[in-house]
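Remarks on the structure that follows.
Taken together, the values in this text are just the output of simple stated rules run on the coordinates, not laboratory data. The structure presented is a predicted model; accordingly, all values stated were derived computationally and were not measured. Here the Cβ is made from the backbone with ideal geometry for all residues, glycine too, and neighbour counts use every protein chain on show.
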Amino acid sequence: MLFNGLGTKISGQGCAGFPAYTPEDRRRLVGVADRLTAYWGQQVFVEVQDQCRLRFCLAGYETRPEALPSGA
């Protein structure tokens, strides 16, 4: 279910967010990203959105790190 649901959303939008409340949830979702990568032959990146949510994206859709203030 996660494989198809996340895969459909990622392929249609380039990225998708999904709740991950526990370490087990996070491990399971990273595993889904690994399986999607193998299936598509294209890297699916996993990013932390906040304490309870992960973001999955294809190359070009990843979140750009914010620039540090000059002098930091």
Task: Least to most buried among 50, 25 (fewest other Cβ within 10 Å first) - done: 50, 25
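Taking Cα atoms of the range 1-64, Rg/Rh with Kirkwood Rh, to two decimals? Working shown, then result.
Numbers: Rg = 10.6 Å, Rh = 11.5 Å.
Dividing the radius of gyration by the Kirkwood radius yields 0.93.
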TODO: State the cysteines of the chain left without a partner when partners are defined as other cysteines whose beta carbon lies under 4.7 Å away.
DONE: 52
